[in-house]
Structure formats: structure tokens, C-alpha cells
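Accompanying notes for the structure given below.
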Amino acid sequence: MSETRHTKVLIIGSGPAGYTAGVYASRAMLEPILVQGMEPGGQLTTTTEVENYPGYTEIQGPELMVNMEAHAKAMGTEIIGDIITDLDLSKRPFTAKGDSGTVYTADAVILATGARARWLGLPTEEEFKGFGVSACATCDGFFYRGMEIVVVGGGNTAVEEALFLTNFASKVTLIHRRDELRAEKILINRLMKNEKIVPLWDHELVEVFGDEMPKGVNGVHAKHVKTGEITEIPAKGVFIAIGHAPANELVKDTLETHMGGYVVTKPDSTETSIPGVFAAGDLIDHKFRQAVTSAGMGCMAALEAEHFLAAQED
């Protein structure tokens, strides 16, 4: 028989938004339950140096998330290692089903499910995923010491991954479909000064090729977007860094979304289209996508949940 747990505030997700919501909801004596989800700590657990989080000149991403989790726990947040597989927002209390079999009911819900890496959708990309094709340089870069690597993308993610991979690779080819990068200027300057990185402008990846036994990547084919000419680039690792998509599976059919699936909130608020349901972090942020802005939204969501619950008692 499945266990049912009730809480005033259920927080779904465990990145900077979720843990900060836990800190503030706990301080408001709401005794929140936080369900961590598939990736405890979120995207920051797959980064290395974080240099732009206030209070830390430099800190490793996983360490920052361990600190945030410990902070939320110390304030009184109950943190549960479970995955929410179904969420019913049709009536209050809201009901969430966990993969563990536990059913969670809540008077208010804070969604902090974040985002995950986008893929190109190429058959050969799928074929070699985990065998040379990756979306996480910090997870897999170590395996390519002294080898040639390809990075695909033109934003902050791609430039950061390319720079990080120069710690291991003999050469990094950055494939970008435009003729200029969309990353922050400081990152572009670092990239252009790095002799190991060779940008390939106006190209898109069309195929990954390699061996079957043992399975592994040998290179890629990139097509010039204007002429159609194909270039073959030798590489043992291919890192796809074309951004992220909001992890909205639980609510895409029940909450209003826009901009490719990001949950809509009211202006200057974390309130969604359903009263009592709040959303924070990369699930709603298609513009900034920073740890510090996610944490700020987690704070907002907890404070707004507190006000919402107080109004229900009047």
C-alpha cells in the first residue's frame, strides 16, 4: 500500500531555485517537502568552476549545490530522493505521485524542475550517444586527453565547453552555423585567444561517423550553410552544446507555456495560470538562465506561496 504524505508546500526540483525555495519556505514555518527529481542539484552538478555566484570568487558547481542542499535541510526542509511522475493540479490539495509509490498532497506547489540539454536530433548523434557523443563536457571531457574534439553551438554553453575541453584535448573545433558567436564578450575573448580552439563558421553538423566494434566516434561531417559543401573533421569526441529545453513534462498540458515550452508566470511574479502553483528557475526563464536568478526566483516563489496560504486561512 502506497504511503501518502501531506505538506503545506511541495517543492519539485532541486537546483538553486528549489533549494532556495526550501530555505525561505522553512523560515516561514511552512515545513516544506522537497522532492529532488532525476538530477539532484540540477545542471550545476555538471559544471566545474562557477565564478559568478555572489559570495564565491570561484566554487565548483557540485560543491555549491551540496552547500545549498545542506542549507535548506538545516532550515528545516525535508528533502526526499524521489521522482515525481504525475501531478494533478485540477483541485486542491494538489496531488503528486512519486516513482517510489509515495503520494504527496500539498496546499501549494513550487515547480523548480529546471531545464535539460537539447540535441540536434540526428540519427548518428543518437547512435553514438555515450560512445563519443555527449552533452556534458565536465562529465566526459576527461576521457579525451590528447585527442581532437568537436563542439557544436555558438552561445555561452558552447564557448564554456570548448574552453573547458582545452584542458584535455589536443584540438577543439567549434562548429557554429553563423559567422559570429552569441556568447558573453569575456568568453568570446578567451576563446579567440586560445590556440587549441579552431572555429568553423557557417557550418552545421550533419553526421557523426565511427566504428561499431568497439563502438566509438572517428569524426564528423559538417555542411556549409550557404554552399552546401561538406567538410570532414576527425574527432574522437563530439559535444553538443546548443542550449537547453525546459523540463515541463509534468505541467505542459495543464499550465500555460510559451517560448518553446517555458511556463508562463504573471509579471514580476512566480504565480502560474493556476492559483497556488508557483514556478521558478530555468523552467520559466528563457532569458537569463543563471544560478543567481534561479535562486532569486526560488525566494520569490516561497514568499508568494506563504502569502497565498495565509490568504486561504483568512
Which numbered condition in (1) touching a residue at least 60 places away in the same chain (Cβ under 8 Å); (2) farther than 30 Å from A235 by Cβ is the only one that A115 fails?
(2)
Report yes if T57 is surrounded by fewer than 16 Cβ atoms within 10 Å (Cβ to Cβ), of a type in the set (S, T, Y) and closer than 30 Å to P93 by Cβ, otherwise no.
no
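Would you mention how many residues in the range 85-117 are in a strand (DSSP E or B), touching a helix residue (DSSP H, G or I) at 6+ places or on another chain (Cβ under 7 Å) and farther than 17 Å from T7 by Cβ?
Counting residues in the range 85-117 that are in a strand (DSSP E or B), touching a helix residue (DSSP H, G or I) at 6+ places or on another chain (Cβ under 7 Å) and farther than 17 Å from T7 by Cβ gives 1.
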Which residues, counting only those in the range 21-46, are farther than 17 Å from E304 by Cα and polar (S, T, N, Q)?
Q36, Q43, T45, T46
Taking the range 118-132 and keeping only residues that are farther than 27 Å from D285 by Cβ and either touching a helix residue (DSSP H, G or I) at 6+ places or on another chain (Cβ under 6 Å) or touching a residue at least 12 places away in the same chain (Cβ under 8 Å) (or both), one is left with L122, T124, E127, F128, F131, G132
So, in the range 167-215, exactly how many residues are closer than 23 Å to G130 by Cβ and of a type outside the set (A, V, I, L, M, F, W, C)?
11
Among (1) under 29 Å from T45 (Cα atoms); (2) touching a Leu at 6+ places or on another chain (Cβ under 8 Å); (3) of a type in the set (A, V, I, L, M), which single condition is L200 missing?
(1)
Could you please let me know if Y104 is touching a Lys or Arg at 6+ places or on another chain (Cβ under 8 Å), crowded, with 20+ Cβ neighbours inside 10 Å and farther than 19 Å from N218 by Cα?
yes
Scan of the range 38-64 for residues that are within 16 Å of the chain's Cα centre (by Cα), in a loop (DSSP other than H, G, I, E, B) and either modelled with pLDDT under 85 or not assigned by TED's automatic domain parsing to the domain that holds P16 (or both), ordered by number:
T47, T48
Qualifying residues in the range 151-193 (those that are over 19 Å from G237 (Cα atoms) and among the polar types (S, T, N, Q)) - the one modelled with the highest pLDDT
N189
Going residue by residue through the range 129-141, is there one that turns out to be surrounded by fewer than 19 Cβ atoms within 10 Å (Cβ to Cβ) and at pLDDT 95 or above?
no
Residue in the range 283-310 that is farthest from A115 (Cα to Cα), counting only those that are at pLDDT 95 or above and among the acidic types (D, E):
E306
Boolean, T270 is surrounded by 14 or more Cβ atoms within 10 Å (Cβ to Cβ), over 24 Å from F168 (Cβ atoms) and among the polar types (S, T, N, Q)
yes
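The values are calculated or read from the model by the stated rules, or taken from the named source; none is laboratory data. Computed from a prediction, not measured in an experiment: that's the story for all the values here. Quick reminder, even Gly has a Cβ in these numbers, built from the backbone with ideal geometry, and neighbours come from all protein chains shown.
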